[in-house]
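Novice: Below you'll find the structure I mean.
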Amino acid sequence: MDTRRTDVLVVGAGPVGLTAAAELRRRGVACRLVDRLPARLPYAKAVGVMPRTLEVWDRMGLVRAALDAAVPLRGQLLYVDGTERPRTELALPPEVPYGFAALPQYETERVLEEFLHTFGTRIERGTELVGFDQDTDGVTSRLTTPGGGEEEVRSAYLVGCDGAHSAVRKGAGLTFEGGAFPEAYMLADVQLDWDLPPGYGVRVLHHGPDGAVDDLMVCIPLPGTGRYRISTQVPPDRSATGRAGADGAGGAEVAHGLEAGRGPSLADMQQVLDRLSPRPVTASALRWSSVFRISHRIVDRYADRRVLVAGDAAHIHPPTGAQGMNTGIQDAFNLAWKLSLAVAGAGRPTLLESYDAERRPVGEEVVGRTVRNINVGARADPGTPESVLLREAQLLVGYRGGPLVDRPPAESGTGPVPGDRAPDCAGLTQGIATYPLRLYDLLRRPGHVLLLYVDGAEGADGTGGAGEDATAVGGRLDTLAATAREAAHGLLDVCALLADGLPDPATQVPLYRDTAGEFALRYAARGLTAFVVRPDGYLGARLPEPDAAGLRAHFARVFRA
């Protein structure tokens, strides 16, 4: 049997696998993406797209296509035992560039697949992973092809994005600890003729005599006039069998996801609406329906040497707050830039260990929080309503104290510190462009970005004040830029951000001006300060009065010497 070769083999072409493959190809990594299904499934399974995911897609360069296909999620209408409760508004701080969106999973996959095509890579459908072996140099995978043949693929790395019943996870011997919820749920994509305000999810709860919730319905808006995805518990008189398969911890069944067989009919869903809808409503134009079950599990580790898992292959949990797909997409985004450096031989030998160190705590937190929410309700979330909303938007995910980020400086004010998400800001100008730019416009690059902020404040070493001439400032910027590029193997962009009113320094570094003062405000920047933004949009370092030694020390966390 001939053995074909590639840098990375990605298994599973859902949103997570597509993200991993697209990011690898955007970075020039040879990659194959296989999926056992013959075609994309037409189901609106995962619908909610978090603001942080839209920021990821912005950095990748595909956010415009996603925005064109999505509809805004403005909030939630809540009805409890026939009484309307105060509505929830999904209002984020003004500096957050994107709000919440609703996009059916089949549309998410379409957008990502079309983006992947721009790099000359297509999904190899009807192709199934049936086994693999790994050694110190790579992974040899065995595939079955659509025509019934077999193929062997040799890759440096194997990435499993193949869902809750992952063949990659099982083949790597990763455990999948957790459990399942006894309830089964019905899903349906229908058109509703009610007069409720568009853009709002609708949640209806009914309590029984014992005070427990005995009936519920959740309706999430979809693109299209009056279209919603309805979910509700399966009534006791309608049986639903779990999906068989010994692929959990200790051979336990993983009952998670859509089930085979006939889904609920339009009449079934109309009965739910007649029982729970806050308005008289008629359902029509059923697109699809299914029954699904929910488990909560997480792997013991996200990688076994050269085999790695992401998304539902690594963590599954209740769909509360639309956290699952978004967490998986960000798994893939975190992993892809590290894999690209490993394939190129530019990353330090332990770089890939940071994937588990950074992402498994995120998965554990999401699994724990969504299980608490389904058992206790949203009141289980600690914090203010504002912080709870930011957490749901996944804007509070961070890696403080992780292996790739520096310790916070002694004085960082209210600005972000290493490990935090790099916030956006507006009002940047450039000498040629006559329109203001956002900071995220400067970060839409595949590698690290070094931001050098300069104002007229004097540093502790007596430099950088108003008396330092443009030549001296420019020389310092050029030296820092050269040091950083060398330490990062050239895989780095450098930009200087100048306070408004400061004269242009004589430098080879591209200059942008913080005309609106938003960067100084959001980042609590003063004097000459270096900010290293990682390829996934998190701060790796914040260096007041930076020098060559500090930059080299930071990049040594990521790059080989």
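The values are calculated or read from the model by the stated rules, or taken from the named source; none is laboratory data. All figures in this text were calculated on a predicted structure; none of them were measured in a lab. We place every Cβ from the backbone using ideal geometry, glycine too, and count neighbours over all the protein chains shown. The accessibility values were calculated without ligands, DNA or RNA, using every heavy atom of the protein model including side chains. Shrake-Rupley method; radii C 1.70, N 1.55, O 1.52, S 1.80 Å.
Novice: If you add up the charges near PRO97, with Lys and Arg at +1 and Asp and Glu at -1, over every other residue whose beta carbon is less than 13 angstrom from its beta carbon, what do you get?
Specialist: With Lys, Arg at +1 and Asp, Glu at -1, the net is +1.
Novice: Pulled fully out, how much extra length does the chain show between THR384 and THR350, if you take 0.36 nm times their separation in residues and subtract their Cα-Cα distance?
Specialist: Here the answer is 8.4 nm.
Novice: Give me the one-decimal nm value for the distance between modelled label points at GLU365 and ASP133, 7 Å along each residue's Cα-to-Cβ direction.
Specialist: Between GLU365 and ASP133, the simple spin-label model gives 4.1 nm.
Novice: To continue, here is another question. Where only protein heavy atoms count, and the probe is 1.4 Å, what is the accessible area per residue for the chain in Å²?
Specialist: Here the per-residue accessible area is 41 Å².
Novice: In percent, how large is the relative contact order of the chain, given Cα pairs closer than 8 Å and 6 or more residues apart?
Specialist: Taking the mean separation of contacting Cα pairs over the length of the chain, I get 14 percent.
Novice: Calculate, for ASP195 and ARG445, the FRET efficiency according to 1/(1 + (r/R0)^6) with r their C-beta to C-beta distance and R0 51 Å; round to the nearest 0.05.
Specialist: So the FRET efficiency works out to roughly 0.65.
Novice: Something else: Under the 0.36 nm per residue contour assumption, what length would be gained going from the current alpha-carbon distance of ALA65 and THR175 to full extension?
Specialist: 35.9 nm
Novice: Between THR118 and ALA524, what length in nm is gained on full extension when 0.36 nm per residue of separation is reduced by their alpha carbon distance?
Specialist: 142.3 nm
Novice: Next up: Can you figure out the FRET efficiency of ARG125 with THR225, using R₀ = 35 Å and their beta-carbon distance, to the nearest 0.05?
Specialist: Efficiency, rounded to the nearest 0.05: 0.65.
Novice: For the pair ALA30 and GLN271, how long in nm is the line joining their label points, each one 7 Å along Cα→Cβ?
Specialist: Rounded to a tenth, the inter-label distance reads 5.7 nm.
Novice: What distance in nm lies between label points placed 7 Å from Cα along the C-beta direction at GLU84 and THR6?
Specialist: 5.2 nm
Novice: Can you compute the helix-only [θ] at 222 nm over the chain? Use -39500 (n - 2.57) per DSSP H run of at least 4 residues, normalise by all residues, nearest 500 deg cm²/dmol.
Specialist: About -8000 deg cm²/dmol.
Novice: Can I ask one more? Quick one: accessible surface of VAL96, probe radius 1.4 Å, all protein chains present, in square angstrom to the nearest 10.
Specialist: My reading of the accessible area for VAL96 is about 20 Å².
Novice: OK, next. Can you work out the FRET efficiency for the pair ALA548 and ALA506, with r the C-beta to C-beta distance and R0 = 25 Å, to the nearest 0.05?
Specialist: The formula returns an efficiency of 0.80 here.
Novice: Carbon-plus-sulfur fraction of the accessible area of the chain, 1.4 Å probe, in percent?
Specialist: Carbon with sulfur: 51 percent of the solvent-accessible area.
Novice: Note down the accessible area of TYR435, probe 1.4 Å, to the nearest 10 Å².
Specialist: 130 Å²
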